[in-house]
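To start, the structure under review is shown below, and the notes come after it.
The values are calculated or read from the model by the stated rules, or taken from the named source; none is laboratory data. Note that the structure is predicted; figures quoted are calculated from it, not measured. We place every Cβ from the backbone using ideal geometry, glycine too, and count neighbours over all the protein chains shown. These area figures cover heavy atoms from the full protein model, side chains too; ligands, DNA and RNA do not enter into them. Shrake-Rupley method; radii C 1.70, N 1.55, O 1.52, S 1.80 Å.
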Amino acid sequence: MNTLIRRLAAFPLVLLGVSSLVFVAIRLVPGDAITAMLGTQAGLLTPAQKAALAAYFGLDRPWIAQYWHWLRALLHGDLGISVTYGKPVLEVILQRFPLTLELALLSMAIALVIGVPAGVYAATHAERRSDLVLRIGAMIGQSTPSFVFGLVIIYVLSAGFGVLPAMGTFTPLLKDPLANLGQLILPALTLGAAFAAAVTRIARSAMLDVLSEDYVRTARSRGVPARGVIWRHALPNALIPVVTVSGIEFGYLLGGAVIVEQLFALPGLGRMVLDAILQRDYALVQGTVLFIAFNFMVVNLLVDLTYVWLDPRIRARG
Amino acid sequence: MTLLSVSDLHVGFGRDPEKSEVVHGVSFDLAAGETLALVGESGSGKSVTALSVNRLIDFGGGRVTRGTILLERQDGSQLDLVGAPEAELSRIRGAEIGMIFQEPMSSLNPVKTVGAQIGEAFRLHHGLSGRAVTSAAREALERVRIPDPVRRLGQFPHEMSGGMLQRVMIASVLACNPRLLIADEPTTALDVTIQAQIMALLAELRDETGMGMIFITHDIGLVAGIADKVMVMRDGRSVEQGALGAVLDDPQHPYTKHLLHSVPHFAHGKAVRCDGPGADGSERPAPALKVDDLTVRFNIKRTLFRPSQGNIHAVERVSFDLLPGETLGIVGESGSGKSTTARAILGLAPSSGRISATGQGLRPVQMVFQNPYASLNPRLAVEDLLAEPVLAAGHRFDADARERMHMLLDRVDLPADSLTRYPHEFSGGQRQRICIARALMLNPSVVVLDEAVSALDVSVQARVLDLLVDLQREFQLAYLFISHDMAVVERIAHRVAVVCRGEIVEMGPSAAVLSDPRHSYTRRLIAAVPNIARRRVHFDLDTSQVPSILHPAGWEPPEVRWLEVGPGHLAREEVA
């Protein structure tokens with residue numbers, strides 16, 4: 001309980017640090033927002049008009065003042081207005097976020113469903129042929145870039161079965177679950193493949209460690225059959241590193257998966273933030289980065305809570 | 001009636017078990033109600049032999065390559081466990097053959113409650129479920145005399161002490177009334193008083209249930225209290241076996257004789273050294289180390305929602321002198337503050353009180369730690385390891401230092417080519433010699449030896465002790481020798497200080513303290529030390545808890561009164 005409150009208290013500090021970093025970083029990129037916004041038409045503006053526009057968006061003031069202004073608005077729940085969308089930043093983000101969240105969750109589910117049993121199987125068959133096959137598979141899965149997977153999946157489906165993944169407008173889950181799933185399953189598989197490979201590798205090595213522990217031998221000496229030894233005694237002890245790795249991967253996915261979103265034409269956070277950077281949409285970039293950082297911290301917190309749930313020793317220390 | 005009959009057992013490891021054999025043809029018989037002790041040092045094959053009996057060795061990469069293991073089943077039939085299929089074996093394990101291991105702390109699953117782990121045997125072998133499991137588990141805990149069993153069932157292993165956990169292990173093993181119990185060094189990781197408790201419990205339960213028992217130990221002294229038969233093992237072979245009395249009183253094999261006679265056994269103060277400073281009538285020198293009112297307290301920090309819980313009084317007002325050429329043994333059980341005292345003297349723990357060391361060396365106090373495997377940096381060659389203290393003291397590793405290094409290496413009996421080798425190329429005993437040489441590099445006047453021989457095999461232990469005595473005489477070293485092992489302390493210490501809960505309770509010449517202990521704690525400690533002379537002693541089970549050393553902030557211990565019970569022999573007055 002104590003730890004939880006301490007962790008929550010750290011949230012604002014981390015967010016402040018992240019926000020100031022991104023605030024400075026994006027302003028160090030050459031080029032200005034007005035030019036980026038208006039494209040070639042910017043050349044038609046007189047310097048006076050440009051200055052007026054900059055003053056309108058508050059871009060003419062010193063960075064510190066801009067930051068202070070932004071921070072004060074933030075405290076009132078206002079992330080500012082996105083210049084590209086002409087809408088409040090939070091609204092733009094929340095519109096994109098469900099897809100990213102769903103994609104991340106789906107990928108993680110795929111990764112765990114495949115990775116954990118594969119890792120356990122590899123560990124219990126260590127140094128045998130099946131283990132070798134799984135290890136090589138995991139290595140390939142982890143080292144292949146996701147767009148390669150995505151392209152292969154798309155190619156196999158379209159060339160082999162004449163099916164094309166539904167692209168274009170995204171269907172929210174609640175509107176039409178089946179259509180939604182149909183849209184997301186392939187990108188989720190693409191992302192899940194590398195994720196599953198990471199989970200397999202970590203689950204295998206954690207299981208190997210645990211299987212040589214004294215308490216596993218004790219369980220065997222008590223007559224627990226192989227299945228019970230592996231799934232009831234060993235696996236719960238091997239899950240902590242799996243949770244760690246899954247948490248980190250999941251956290252990254254919540255920041256959007258630019259390449260896979262691009263490949264499957266999905267309107268997720270990744271593409272949005274990329275566009276925002278290219279457009280010098282300061283408010284949107286700042287807001288999104290803050291949002292991503294916040295998500296990352298929430299995921300980290302969830303990971304830690306999972307540890308506590310998994311291991312009574314951590315509970316005692318908490 | 002033979003319960004278990006092992007004949008010509010061969011066990012090997014790895015891909016080619018016939019080639020890498022570690023047990024070469026061991027045979028023994030065990031009757032119901034009988035206890036066989038397997039005695040040997042590490043690597044003798046005693047644990048491998050025992051693990052072969054219930055075929056757990058298969059999971060450790062081993063294989064029985066030849067021989068038979070005949071077990072008489074519950075229904076009177078006989079089964080050769082060597083050829084038995086795994087499914088059959090897992091029905092036998094737990095139900096007919098139970099096993100207790102050395103490390104109770106690591107032998108229970110950390111993420112499962114004690115109740116779940118005891119209950120598992122009832123679920124598996126008796127088909128119980130739900131409430132019936134809980135009540136059976138509770139009865140099992142009562143059987144091993146664990147107080148407050150209902151609360152214990154819901155606890156996790158880390159919430160219990162080592163002694164309690166070993167009782168939990170025993171409870172879970174006895175759940176199914178196995179006909180055969182294999183106990184693999186069940187008390188090695190425990191304090192002597194706890195060891196005595198566990199031994200008493202095992203003997204009592206064996207008599208009650210009539211099970212056969214294989215008791216594995218490296219400590220031949222422990223055997224006398226429990227075994228009917230003894231088998232001494234070395235290098236994967238049985239060198240001698242027979243009835244307890246015959247083996248202990250009339251050993252035939254030289255190795256058995258060696259284990260019985262050249263290895264330290266506790267002798268109630270009869271085996272103490274009498275070469276201390278001033279023993280020959282000469283004037284006693286000035287102390288090399290003077291410790292006054294040494295106190296170490298650890299504050300349990302307050303947190304946002306919890307006020308400070310007070311202080312852990314780890315070491316409380318410890319005072320002693322240590323003369324050049326003298327050994328002061330500090331004995332006590334785990335958690336008594338022995339090691340914290342050592343660390344405080346070296347300035348490794350925050351302390352109050354006065355510590356003054358005199359000597360011509362740069363850093364007059366040096367230390368040797370318990371674990372020779374962990375206290376040498378594996379990436380440094382011996383030469384670098386020995387140069388380290390010199391460099392750390394801010395000096396150049398010059399010709400003089402090099403000369404001293406060669407001299408010390410020779411004095412600790414390490415070959416001259418050791419300098420370019422790395423720690424993993426040495427045995428445990430050799431590594432401890434390197435640690436000793438390293439401690440002597442700066443020419444200290446005091447060496448703190450914290451359980452310095454505890455991790456070594458008994459015969460290696462004896463040789464390292466001899467070396468320490470030689471070095472002490474040669475360099476007039478003062479030793480602060482910290483150990484839980486009374487037999488070892490008796491061999492090396494001129495004086496003994498007994499610590500309990502952070503405080504010295506008795507101190508004096510070894511002969512006096514060990515032969516005529518005055519404080520109740522010292523008496524209990526000495527009574528619990530196993531001894532080859534004591535056959536089948538009965539210990540009463542004691543379930544009392546040690547009081548906590550956590551005191552509220554501002555708490556000061558009451559004034560202590562010392563009684564001088566003999567020349568230089570002090571004992572704390574006890575309030576009844």
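A few points about this structure:
- B:ASP275 being without any contact (Cβ under 8 Å) to a residue 24 or more places away in the chain, open to solvent by 30 Å² or more (accessible area, probe 1.4 Å) and assigned by TED's automatic domain parsing to the domain that holds B:GLU474: no
- Boolean, B:PRO85 is open to solvent by 60 Å² or more (accessible area, probe 1.4 Å) and within 14 Å of chain A (Cβ to nearest Cβ): yes
- Checking B:VAL458 against (1) in contact with a Pro (Cβ under 8 Å, 6 or more places away or on another chain); (2) not assigned by TED's automatic domain parsing to the domain that holds B:GLY502, the condition it does not meet: (2)
- Among the residues of segment A:118-133, those identified as without any contact (Cβ under 8 Å) to a residue 12 or more places away in the chain, open to solvent by 90 Å² or more (accessible area, probe 1.4 Å) and either assigned to a loop (DSSP other than H, G, I, E, B) or under 11 Å from A:THR200 (Cα atoms) (or both) are A:GLU127, A:ARG128.
- Residue list for segment B:452-470, filter: assigned to a loop (DSSP other than H, G, I, E, B) and in contact with a Phe, Trp or Tyr (Cβ under 8 Å, 6 or more places away or on another chain): B:ALA452, B:ALA455
- Yes/no for B:GLU120 being within 8 Å of chain A (Cβ to nearest Cβ), more than 33 Å from the chain's Cα centre (by Cα) and more than 22 Å from B:PHE215 (Cβ to Cβ): no
- Residue match in segment B:216-229 (condition: in the same structural domain as B:SER336 (by TED's automatic domain parsing), hydroxyl-bearing (Ser, Thr, Tyr) and not in a loop (DSSP other than H, G, I, E, B)): no
- Within segment B:9-20, residues that are assigned to a strand (DSSP E or B) sit with their Cβ atoms under 8 Å from residues that are of a type in the set (Lys, Arg), at 6+ positions apart or across chains, in these pairs: B:LEU9/B:ARG66; B:HIS10/B:ARG66; B:VAL11/B:ARG63; B:GLY12/B:LYS19; B:GLY12/B:ARG63; B:PHE13/B:ARG63.
- Among the helices (runs of 4 or more DSSP H) confined to segment B:328-425, the ones with at least 2 residues that are within 22 Å of B:GLU474 (Cα to Cα) are located at B:382-392, B:399-411.
Residue by residue, here is whether (1) open to solvent by less than 10 Å² (accessible area, probe 1.4 Å); (2) farther than 18 Å from B:VAL263 by Cα; (3) at pLDDT below 95 holds:
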position: B:LEU456; (1), (2), (3): no, no, yes
position: B:ALA462; (1), (2), (3): no, no, yes
position: B:PHE475; (1), (2), (3): no, yes, yes
position: B:SER510; (1), (2), (3): yes, yes, yes
position: B:LEU525; (1), (2), (3): yes, yes, yes
position: B:ALA533; (1), (2), (3): no, no, yes
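- Any hit, segment B:319-327, residues being open to solvent by 50 Å² or more (accessible area, probe 1.4 Å) and either over 30 Å from B:GLY162 (Cβ atoms) or β-branched (Val, Ile, Thr) (or both): yes
- Residues that are within 14 Å of B:HIS125 (Cβ to Cβ) and part of a helix (DSSP H, G or I) within segment A:221-236 comprise A:SER221, A:GLY228, listed in sequence order.
- Single residue of segment A:307-318 satisfying the filter (open to solvent by 40 Å² or more (accessible area, probe 1.4 Å) and in a helix (DSSP H, G or I)) that is modelled with the lowest pLDDT: A:ARG317
- Some residue of segment A:180-187 being away from chain B (no Cβ under 14 Å), without any contact (Cβ under 8 Å) to a residue 12 or more places away in the chain and of a type in the set (S, T, N, Q): no
- Residues within segment A:214-235 that are surrounded by fewer than 24 Cβ atoms within 10 Å (Cβ to Cβ) and more than 7 Å from chain B (Cβ to nearest Cβ), tallied: 9
- Residue ID - nearest to the chain's Cα centre (by Cα), chosen from residues in segment B:61-98 that are part of a strand (DSSP E or B) and of a type in the set (Gly, Ala, Ser): B:GLY98
- Residue in segment B:154-163 that is within 13 Å of another protein chain (Cβ to nearest Cβ), buried (at least 19 other Cβ atoms within 10 Å of the Cβ), part of a helix (DSSP H, G or I) and in contact (Cβ under 8 Å) with a residue 12 or more places away in the chain present: yes
- Of all residues making up segment B:29-60, the number that are under 17 Å from B:VAL239 (Cα atoms), hydrophobic (A, V, I, L, M, F, W, C) and open to solvent by less than 10 Å² (accessible area, probe 1.4 Å): 5
- Close Cβ contacts (under 8 Å, 6 or more residues apart or on different chains) running from residues in segment A:72-88 that are of a type in the set (Gly, Ala, Ser) to residues that are open to solvent by 40 Å² or more (accessible area, probe 1.4 Å) comprise A:GLY77/A:LEU90; A:GLY80/A:PRO88; A:SER82/A:PRO88.
- Filter result (surrounded by fewer than 19 Cβ atoms within 10 Å (Cβ to Cβ) and in a helix (DSSP H, G or I)) within segment A:171-213: A:PRO177, A:LEU178, A:ALA179, A:LEU181, A:GLY182, A:ILE185, A:LEU189, A:SER205, A:LEU208, A:ASP209
- For B:LYS338, the conditions (1) open to solvent by 30 Å² or more (accessible area, probe 1.4 Å); (2) touching a residue at least 24 places away in the same chain (Cβ under 8 Å) are fulfilled apart from (1).
- The one condition in (1) open to solvent by 50 Å² or more (accessible area, probe 1.4 Å); (2) outside any helix (DSSP H, G or I); (3) among the charged types (D, E, K, R); (4) facing another protein chain (nearest Cβ under 10 Å) that B:LYS112 fails to fulfil: (1)
- Restricting segment A:236-278 to residues that are within 12 Å of chain B (Cβ to nearest Cβ) and buried (at least 20 other Cβ atoms within 10 Å of the Cβ) leaves a set whose member that is nearest to A:TYR155 (Cα to Cα) is A:LEU239.
- Some residue of segment B:492-503 being among the acidic types (Asp, Glu), more than 18 Å from B:ARG273 (Cβ to Cβ) and open to solvent by less than 20 Å² (accessible area, probe 1.4 Å): no
- Filter pass, B:ASP400 being touching a residue at least 24 places away in the same chain (Cβ under 8 Å) and exposed (fewer than 15 other Cβ atoms within 10 Å of the Cβ): no
- Counting only residues that are exposed (fewer than 13 other Cβ atoms within 10 Å of the Cβ) and assigned to a helix (DSSP H, G or I), segment B:426-438 holds 0 of them.
- Segment B:360-376: number of residues that are touching a residue at least 24 places away in the same chain (Cβ under 8 Å) and either at positive phi or among the aliphatic types (A, V, I, L, M) (or both): 5
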